[in-house]
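The values are calculated or read from the model by the stated rules, or taken from the named source; none is laboratory data. Just so you know, these numbers come straight off a predicted model, no measurement behind them. Here the Cβ positions follow ideal geometry from the backbone for every residue, glycine too, while neighbour counts run over all protein chains shown.
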Amino acid sequence: MISRFNTLGCIPLVLALFCLPVPVWAAPDEAILLIDQTSGAAGVQRNGKRLALQAGDALQEQDLITTDQSGRMTLRLGRHGFVEVGPNAEVGVERLPFAAYARDLKSIFSVSKGYFRVVWKHPQLSSSWPLYVYMAGHRISLVSGEYFFQGSVGEQRACVAAGQIALQATGGDGVETIKPPSCVTLAADKPPQISPRNPDDWIAVRRGFSIEATGSSLLARDAAAAAPVAKPVINTAPVVISSLPLPTAIPASQPPAMSAADEPLPVEARADSSGAALPLGPVRVAPVLPAPAAAPRTVLAPALPVFEPQLYPPPKTAAPSAANSPITIGTVQAAPVTVPLKPTPPAGGSGAWVLNIASYPDATVAEREAARLRAAGYGSAISQPAIINGKNWYRVQIEGYASEGSARSAALELKTRLGVQNIWVRKP
């Protein structure tokens, strides 16, 4: 019966609601993470492809934000804050609600390397909006405030300028609260190191895109950039050549006889820098001496070790015990040669010992980490599901080590080569 009414003829008030194409209570669909501005080489990788996004474009779950040395990107986080990505950074968007009215508003970022800043104002709603940052095997929970994160090889740091964070190791039970103004350093085989921070440094951190920046270092950088470049001074005064006749050469043993050419020449009055007149004396022409013969041309040979046994006899020492010890030849000492480490994956992958690299609540994040390890030469890296405290987790593991000693050696190698922290050696 309702279909017989034309929408233009809906006169009865009771039928007016049926004439609307969309219910009046439906909120418009709005994106949560929008690009505000970019500069330099800053982009987004989505499904293995690099996208050329611009201001106003929206980001999605599983997007990876990447920048180079000149790259910067600022994104609006709903209507309640923004995030900022600095140079040489990789920041993953692990989880994101599709709209501000979604039932589950949990938002997760991961920081692999580079500078990442979060300014967040928790909305005053009946439903909560949890916001997390994952880095260095830790989950960091944020409330309203301003936070800085920076990842590098071997060390990751998080700083609280306002608000507070709850720090929890991935898969762990303990939670540590960190309040401003302070920073926490996350490193391998060490508990989190909390240190106070001078609140006057936050301006330098924002401007320098680095947690290491301080007010004094920023002033030194700006002064060096503004310092004028010294230019060489070129003497442009004209060269005056006297037209007086030159006397003949006189032997050095006989004093020169005075001649008309040797009489004092008229010289204009001179003055020094203070304005006082300088005494004027006779100007004499120096005798012309024979030009010295041209010195033979000397060709410099490349700097090579010189072997002179009669002058510098080589010392009689025992042969070095290690291949990389310095070699002494005469007085020339050769520097030791450092051989870069190469990955030593387990032979055949048949051993019972494994390396537990990290655990993640998201299967895609865990598989991405396992793929990175396989690309680095560890072909037995996998993502293994596990249940921890009644929740589903995904462990990134490298399998197949024959003994605990070989597994621990591989763990030390991973720390040195790839900066992997908090590795757990175990036998399932």
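Quick notes on this one:
- Evaluating A31 against the criteria (1) at pLDDT below 90; (2) of a type in the set (A, V, I, L, M, F, W, C); (3) buried (at least 19 other Cβ atoms within 10 Å of the Cβ); (4) over 21 Å from S144 (Cβ atoms) leaves one unmet condition, (3).
- Within the range 31-83, strands (runs of 3 or more DSSP E) holding 3 or more residues that are more than 19 Å from Y132 (Cβ to Cβ): 33-39, 42-46, 49-51, 72-77
- Sub-7 Å Cβ pairs linking a first residue in the range 371-392 that is within 26 Å of D173 (Cβ to Cβ) to a second residue that is of a type in the set (V, I, T) and not in a loop (DSSP other than H, G, I, E, B), at least 6 apart or interchain, are S383/V396, ordered by first then second residue.
- Any hit, the range 61-71, residues being of a type outside the set (D, E), within 28 Å of R157 (Cβ to Cβ), over 21 Å from the mean Cα position of the chain (by Cα) and surrounded by fewer than 13 Cβ atoms within 10 Å (Cβ to Cβ): no
Rundown of residues vs (1) in a helix (DSSP H, G or I); (2) in the same structural domain as D68 (by TED's automatic domain parsing); (3) farther than 29 Å from I32 by Cβ, yes/no style:
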position	(1), (2), (3)
S112	no, yes, no
R117	no, yes, no
H122	no, yes, no
F149	no, yes, no
T185	no, yes, yes
D200	yes, yes, yes
I211	no, yes, no
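- Some residue of the range 366-379 being at pLDDT 90 or above, among the acidic types (D, E) and closer than 22 Å to G92 by Cα: yes
- Exclusive hit being closer than 22 Å to S107 by Cα and within 26 Å of the chain's Cα centre (by Cα), set A358, A370: A358
- Output for the range 154-172, where each listed residue is more than 30 Å from T416 (Cβ to Cβ) and either outside any strand (DSSP E or B) or among the charged types (D, E, K, R) (or both): G163, Q164
- Taken over the range 353-364, the residue count meeting the criterion of being more than 14 Å from V420 (Cβ to Cβ) and surrounded by fewer than 21 Cβ atoms within 10 Å (Cβ to Cβ) is 4.
- Subset of the range 84-98 (residues that are touching a Gly at 6+ places or on another chain (Cβ under 9 Å) and either under 20 Å from K121 (Cβ atoms) or in a strand (DSSP E or B) (or both)): V85, E90, V91, P97
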